[in-house]
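FYI, it's all coordinate maths here, none of it is from the lab. The shown structure was predicted, so the numbers you read here are calculated from the model rather than taken from an experiment. Cβ: placed from backbone, ideal geometry, glycine included. Neighbour counts: every protein chain shown.
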Amino acid sequence: MEPDEDEPFPIAVLLSEDDGADICAAVQAHVAAVVALRMRVSAWCISRRGRYSSSLPGRRPNKQRDFDDGLNNIVRDYFGVYGRDPVYNEHDFDTRFHVPRAVFRRVYSEVKDTPFFRRRINATGRPQAHPLQKLVAAFRWLAYGEAADRGDEYVRLSRSTILLSVKCLVVCIVSKWESTNLQRPNYAELKTILDRNAERGFPGCMGSLDCSHWAWHQCPRGMAGSYQTRKGSRCIVIEAVCDEDLRIWHLFVGEPGSLNDINVMH
């Protein structure tokens, strides 16, 4: 708390009783100078906030990432080169990306020409990251929930680029397929789902309901108690209804992690 300039400092009052007015005045002047310096430093930090400076002497240079090497690794492992079969088959692709290869190709064809994913040339004339590298990094991050910089050695992308790729990918998917996939099931789809579940012994069942906990690493301290799970981490509960085709018919996000599945459903 900043001291009030109109009232004497508590330490100054104590010193004035024992050591005289001279020492009191010296201490009070010193404290006032420290407060004024602190205010000046705070104002300088605020004025510097958000200011971006380009390449300057002494700044850390960019890492010499070989973008073509990262692209060749991806194509060789999952798509095949020079008429050879890919190293990893369809099952491996589905396991690591959580989508079939045909769906991945469809997403790639839609996002490769967007401003962020399009391959660009920097000021030195060198080509930058390929759209396939950004898309693979984003899908792997969404599939595994791993650290953003974990795939740097493979896809040859920095942490900030991978995080931005995830954000742009989600925005592109929502903008292109929201009207098609984010809708209620029609009569034919609902009948197929109900008949399929009735054969398994669950008549009238539309899908499977489950809850999951999503880690909230930046949870404020004041809310940590409400969002703390039994394992000690801060999480947000996600409730979803999904059918056999992995189509999500219901999604609710926002309950604190201290609640279990039964409390969330009620």
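Go through region 139-156 residue by residue and turn each phi into a ³J(HN,Hα) via Karplus (6.51, -1.76, 1.60, θ = phi - 60°); whole Hz please, and just put x for glycine and proline.
Running phi through 6.51 cos²θ - 1.76 cosθ + 1.60 with θ = phi - 60° gives 5, 5, 5, 5, 6, 9, x, 7, 5, 5, 8, 6, x, 4, 5, 9, 8, 6 Hz.
Which lysines, if any, have their Cα less than 21 Å from the Cα of Lys112, not counting same-chain residues under 8 positions apart?
Partners within reach: Lys134, Lys167, Lys176.
Ranked highest first by the average count of other Cβ atoms within 10 Å around their residues, in what order do 236-242, 193-199 fall?
Packing proxy ranking, top to bottom: 236-242, 193-199.
Would you mind estimating how fast region 185-265 diffuses translationally, via Stokes-Einstein at 25 °C and 0.890 mPa s with the Kirkwood radius over Cα pairs, in µm²/s?
172
Working out 0.36 nm times the residue gap between Ile238 and Tyr108, then minus their Cα-Cα distance, what length gain in nm do you get to one decimal?
44.0 nm
Nearest 0.05, what FRET efficiency do Asp245 and Asn89 give at R0 = 22 Å with Cβ-Cβ as r?
Computed FRET efficiency for Asp245 and Asn89 comes out at 0.50.
I need His213, His130 ordered by Cβ neighbour count within 10 Å, fewest first.
The fewest-first ordering by Cβ neighbours comes to His213, His130.
Give the separation of the Cα centroids, region 187-260 to region 114-131, in Å.
If we compute the Cα centre of each part, the gap is 39 Å.
Between Ala188 and Ser208, how high is the FRET efficiency from 1/(1 + (r/R0)^6) when r is the Cβ-Cβ distance and R₀ = 22 Å? Nearest 0.05.
For Ala188 and Ser208, the calculated efficiency is 0.60.
Going by average Cβ density within 10 Å per residue, which order do the peptides 221-231, 89-99 take, highest to lowest?
Top to bottom by mean Cβ count within 10 Å: 89-99, 221-231.
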